[in-house]
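J.: Right, I'll just put the structure down here and ask away after.
The values are calculated or read from the model by the stated rules, or taken from the named source; none is laboratory data. Given the structure is predicted, the values throughout are model-derived calculations rather than measurements. Note that we place each Cβ from the backbone using ideal geometry, even for glycine, and neighbour counts take in every protein chain shown. Keep in mind that these areas ignore ligands, DNA and RNA; they rest on the heavy atoms of the full protein, side chains included. Shrake-Rupley method; radii C 1.70, N 1.55, O 1.52, S 1.80 Å.
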Amino acid sequence: MTPPDTAVALQSRFATELPELGIPWQAAECPEPRLLVLNEPLARELGLDPAWLRTPDGVEFLTGRLVPEGAAPVAQAYAGHQFGVPVPRLGDGRALLLGEVAAADGTLQDVHLKGSGPTPFSRGGDGWAAVGPMLREFLVSEAMHALGIPTTRSLAVVATGRTVYREEGPLPGALLVRVAASHLRVGTVQYARALPQEDVLPRLVEHAIARHHPEAAADANPPLALLRSVVAAQARLVAQWLLVGFVHGVMNTDNMTLSGETIDYGPCAFVDGFDRAAVFSSIDTSGRYAYGHQPAIAQWDLARLAEALLPVLHEDPNEAVALATEAVEGFARAFGTAYTDGIRRKLGLAGDVPAETVGPLADELVTLMHREHLDHTGLFRRLGRAAAGDAGPARAVVTDRPTFDDWLARWLALGPDPAVMDATNPVYIPRNHLVEEALAAAQADDVGPLERLLDAVTRPYAERPGLERYAEGPPEDFGRYRTFCGT
Ligand code: AMP
Ligand code: MG
């Protein structure tokens, strides 16, 4: 067994460079820790030995109780607009940044615990998390990564042996070990901006540039270049969400990263039958975070980031506002380009088909999908088979629709490439009914269904025999799907 001090080397860059944005803290003791899932490939990418992580010392490390030398765990401070309402102090109410690890690819990655106990930011919350929501985040975040979508990763879920109390009653507790390019959020910048110490904001900007957008350091106006980079990264991210039918569900400014990674898998879900107005979260009663609103909401959140950055954008406040406005307005073009590029690949269309053709053709398809509530994931795979010469499956999902036949003919005339489509359109996504089934089994101590679903969705493109049921839509009686924040 490797001794703990050499098994993990954690840095404390955030804690030492930005002490105003964290409170030194320790994870609570776990009565009976039990490793439920370990992401071995990710562990290796981080230079962590999976065999050691499975030892009692390894599990102590994963629960934050064995703190490697050099690490300085902190509960991070941040603010945020929640459903449009500003909250000046949110912070990690049930989470901790253990420190940063240098990954095999040279980047620094945060190692973070969610569900590690109360902190000074807990407000009304208990500081704990339940097994179900933590496994859900593990599953969906790893599926997103496999789909090529920037996201926080999941290293492990550890059952704590503690009982947590939620609306549905007593539940088994757990914590998630999350890995991210960083946990800097739009809300982190909002918090720094509101501090009386005026030097924190520029120091945060410098830290964010170094970690995520190093090219901005060479710009004539580095904070502006950072803002532009975040706008571009978020535009690309939200385009990718739309292209796979993902609804984040709680795009508050504290849940938007500066890195451009998807974060916070509370109430998220994938659409089965396509609907631009799809909302799953039980608390999103107004549909603020509906599928089709996500680009507009992302831009709104980025406007809050730009506002928070005003003092470092330009010494003249009017100039600062002009620069900020222009940067945020850049979202529309960046989103449009990313979305059109993505839908071009989903439709297997070559680069020489002009964007003026791809755009309207895609819009027509989306309108049809919306009107007929076609299965988003299933339809694109069927279109791939049509491109390969078998139009039957595609036509079968929209029988008696002359408009669809007309669309199909015009699209096929453009010579779509089935190989590109097969490599772009997933067969297996974490469909809601499958996720629920896997979590219910896991809570009854059978992690088999979860492991099988994880295997399907982490290799989403290659159709594999025996996995047919993972490619199918929900059963007729599944009904309307509701998600909860898991707090
Ligand atoms: P979220 O909805 O997960 O983005 O969380 C919003 C805020 O509530 C963050 O500050 C969280 O740390 C905090 N929070 C969520 N659940 C809990 C909990 N069970 N105990 C304490 N704080 C929580
Ligand atoms: Mg959050």
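J.: Arg211: within 22 Å of the chain's Cα centre (by Cα) and either within 16 Å of ligand 2 (Cβ to nearest atom) or modelled with pLDDT under 95 (or both), yes or no?
T.: no
J.: Check whether at least one residue in the stretch 146-159 is assigned to a helix (DSSP H, G or I) and buried (at least 24 other Cβ atoms within 10 Å of the Cβ), and report yes or no.
T.: No, the stretch 146-159 contains no residue that is assigned to a helix (DSSP H, G or I) and buried (at least 24 other Cβ atoms within 10 Å of the Cβ).
J.: Mind checking which helices (runs of 4 or more DSSP H) fall wholly inside the stretch 319-416 and carry at least 1 residues that are open to solvent by 10 Å² or more (accessible area, probe 1.4 Å) and touching a residue at least 24 places away in the same chain (Cβ under 8 Å)?
T.: Because the criterion is at least 1 residues that are open to solvent by 10 Å² or more (accessible area, probe 1.4 Å) and touching a residue at least 24 places away in the same chain (Cβ under 8 Å), the helices (runs of 4 or more DSSP H) in the stretch 319-416 that meet it are 355-372, 376-387, 402-412.
J.: Looking at Asp445, Asp455, Asp477, which is the one that is modelled with pLDDT under 95, outside the structural domain of Gly148 (by TED's automatic domain parsing) and in a helix (DSSP H, G or I)?
T.: Answer to the selection: Asp477.
J.: Here is a further query. Can you pull out the residues in the stretch 65-94 that are free of Cβ contacts under 8 Å to residues at least 60 places away in the same chain and closer than 26 Å to Pro41 by Cα?
T.: Answer for the stretch 65-94, where residues must be free of Cβ contacts under 8 Å to residues at least 60 places away in the same chain and closer than 26 Å to Pro41 by Cα: Arg65, Val67, Pro73.
A quick yes/no check of all residues on (1) near ligand 1 (Cβ under 8 Å from one of its atoms); (2) in a loop (DSSP other than H, G, I, E, B):
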site: Pro86; (1), (2): no, no
site: Leu90; (1), (2): yes, yes
site: Leu97; (1), (2): no, no
site: Glu100; (1), (2): no, no
site: Asp105; (1), (2): no, yes
site: Asp110; (1), (2): no, no
site: Leu113; (1), (2): no, no
site: Pro118; (1), (2): yes, yes
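J.: Taking into account only those residues within the stretch 443-487 that are open to solvent by less than 10 Å² (accessible area, probe 1.4 Å) and of a type outside the set (Val, Ile, Thr), which is farthest from ligand 2 (Cβ to nearest atom)?
T.: Ala456
J.: Sticking with this structure for a sec: Which members of the stretch 120-145 meet the condition of being within 14 Å of ligand 2 (Cβ to nearest atom), open to solvent by 10 Å² or more (accessible area, probe 1.4 Å) and part of a helix (DSSP H, G or I)?
T.: Pro133
J.: Here is a check on your reading of the model: is Phe83 within 30 Å of Gln197 (Cβ to Cβ) and modelled with pLDDT of 95 or more?
T.: The answer is yes for Phe83.
J.: Using beta carbons and a limit of 7 Å, which pairs, at least six apart or on different chains, have the first residue in the stretch 273-284 and closer than 15 Å to Ile297 by Cα and the second one open to solvent by 30 Å² or more (accessible area, probe 1.4 Å)?
T.: Close Cβ pairs satisfying both conditions: Arg276/Gly292; Arg276/His370; Ala277/Gly292.
J.: Among (1) hydrophobic (A, V, I, L, M, F, W, C); (2) more than 13 Å from ligand 1 (Cβ to nearest atom); (3) without any contact (Cβ under 8 Å) to a residue 60 or more places away in the chain; (4) touching a strand residue (DSSP E or B) at 6+ places or on another chain (Cβ under 7 Å), there is one condition Val131 misses while meeting the rest; what is its number?
T.: If we test Val131 against (1) hydrophobic (A, V, I, L, M, F, W, C); (2) more than 13 Å from ligand 1 (Cβ to nearest atom); (3) without any contact (Cβ under 8 Å) to a residue 60 or more places away in the chain; (4) touching a strand residue (DSSP E or B) at 6+ places or on another chain (Cβ under 7 Å), just (3) comes out false.
J.: Would you point out which residue out of Thr257, Thr262 is closer than 20 Å to Gly84 by Cβ, modelled with pLDDT of 95 or more and within 16 Å of ligand 1 (Cβ to nearest atom)?
T.: Thr257
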